[in-house]
Amino acid sequence: MHQPWRLILALWASIAAIAAVPNAGAAQEASIPGGFEFFVTPYLWMASVHATTSTPLEREPEVNSDVSFIHLLGHLDGAPFMGSFEVRNGDLGFLVDAIHLPASTTIRTHDIFFQGGNAELHVNMGTGVILWRVLEDPVQFADIGPGFRAWGFESDLGLNPGLLPGVSVSRSGGWTDPLIAGRYHRDLGNGFGLTAYGDFGGYGGGAHTDWQVLGTVDYTLNPSWNLHLGYRSLNFDITGSEGRFGFNVHMRGPILAGTFRF
């Protein structure tokens, strides 16, 4: 299989696997009893993609793809968006996250039957998690709770006419997975802190498994602003409804985020 087709499959799997990253472990201060707190966190996840794609092709039933962050960045087709929003009231919090990611790649052919082409993929994803604070003291807190991860995507594939007429195909789809999530933060003093986040989901509702781990070093600039630098790994395994296609995706890379609290 030619490299452009490997890239198309990798983009499909990797972008679908960019499930929303939760608030990157904001170094939150103790909650205000009876009062609402809001946290807005834009972030950049510089992930490389390692995917195994199962196909119905007898000659190539599996395709292994490795795409670097720089390579993926070069195929953006528009302005992406990554950000999360969390609201808390006492021990109860609700976290939502949204990602919009448009990507495209050129299809190269032998210029006989078709004169090249183009593939586009537009992804919109959202996550919602209820976080219940089970531990809190002046230097640490821990949250746990249920949630979901939902995403939808639209793809457009076009082949320019050669000996054969041109072809244009559009597809869309989506699914939702339940999740169990947990988060732990500890202050280290002098404005620094550490945060760990993890979730696990899928259970066959959409994906077979869908889990991730995230660790950040946090720094509090002032009571309203926090910075986060860390590393995230997300692993995703899904098979199509007819069992013809499957994606086993491993995404990992550094993450940079900033949280505004009000």
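Kirkwood Rh over Cα pairs of the stretch 49-139 into Stokes-Einstein at 4 °C, 1.567 mPa s: D in µm²/s? Intermediate values should be presented prior to the final figure.
Working: Rh = 17.5 Å.
Estimated via Stokes-Einstein, D reaches 74 µm²/s.
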Listed residue (207, 230, 151) projecting farthest to the positive dipole end of the stretch 117-262, Cβ model: 230
Only Lys, Arg (+1) and Asp, Glu (-1) charged, at Cβ; the stretch 145-241 dipole about Cα centre in debye: 100 debye
Phi to ³J(HN,Hα) by Karplus 6.51 cos²θ - 1.76 cosθ + 1.60 over the stretch 223-238, Hz, x for Gly, Pro: x, 9, 10, 10, 10, 9, 9, x, 9, 10, 10, 10, 10, 9, 9, 9
Amide H partners (placed H, <5 Å) of residue 90, local residues excluded: 32, 34, 35
Relative contact order (%) - the stretch 205-262, alpha-carbon pairs under 8 angstrom, separation at least six: 36 percent
Paramagnetic reach from residue 192 in the stretch 218-233 [backbone N under 11 Å; point 7 Å along Cα→Cβ]: 218-219
Kirkwood hydrodynamic radius over Cα pairs of the stretch 82-129, then Stokes diffusion coefficient at 25 °C and 0.890 mPa s, in µm²/s: 175 µm²/s
Spatial separation of Cα centroids for the stretch 97-170 and the stretch 209-262, in angstrom: 15 Å
Per-residue HN-Hα couplings for the stretch 173-180 [Karplus 6.51, -1.76, 1.60; θ = phi - 60°; Hz; x = Gly/Pro]: x, x, 7, 9, 10, x, 9, 10
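Charges at C-beta only: +1 for Lys and Arg, -1 for Asp and Glu. How large is the resulting dipole of the stretch 71-127 about its Cα centre, in Debye rounded to 20?
Working: 2 positive and 6 negative charges, 17 e Å.
That gives a dipole near 80 debye.
Defining a contact as two alpha carbons under 8 Å apart and six or more residues distant in sequence, what relative contact order in percent does the stretch 155-262 show? Please report the intermediate quantities before stating the final value.
Values: 222 pairs, mean separation 18.7, N = 108.
Relative CO of the stretch 155-262 lands at 17 percent.
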Using a Förster distance of 25 Å, the FRET efficiency for residue 36-residue 172 (Cβ separation, nearest 0.05): 0.10
Equivalent ellipsoid dimensions for the stretch 205-262 as semi-axes, Å, which come from the Cα gyration tensor, largest first: 35, 12, 7
Spin-label pair residue 48/residue 91, simplified geometry with 7 Å Cα→Cβ offset, distance in nm: 4.4 nm
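Using only the heavy atoms of the protein chains and a 1.4 Å probe, how would 252, 88, 108 rank by accessible area, largest first?
Working: 252 95, 88 0, 108 185 Å².
From most accessible down to least: 108, 252, 88.
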Packing-based ranking, highest mean first, of 40-48, 200-208 given that Cβ atoms within 10 Å are counted: 40-48, 200-208
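Is the stretch 64-109 best put as rounded, prolate or oblate by its Cα gyration tensor, with a ≥ b ≥ c the root eigenvalues, rounded for a/c under 1.5, and otherwise prolate when a/b is larger than b/c, oblate when not?
Details: a/c = 4.49, a/b = 2.94, b/c = 1.53.
Prolate is the answer for the stretch 64-109, as a/c is 1.5 or above and a/b outweighs b/c.
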Nitroxide proxy distance, nm - points 7 Å out along Cα→Cβ at residue 79 and residue 137: 4.6 nm
Formal net charge of residues neighbouring residue 154 (Cβ-Cβ distance under 10 Å; K, R +1; D, E -1): -1
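The values are calculated or read from the model by the stated rules, or taken from the named source; none is laboratory data. Keep in mind that what you see is a predicted model, and the values were worked out from it rather than measured. No Cβ is skipped: glycine too gets one built from the backbone with ideal geometry, and neighbour counts run over all protein chains shown. Areas reflect the complete protein model, heavy atoms only, side chains present, ligands, DNA and RNA absent. Shrake-Rupley method; radii C 1.70, N 1.55, O 1.52, S 1.80 Å.
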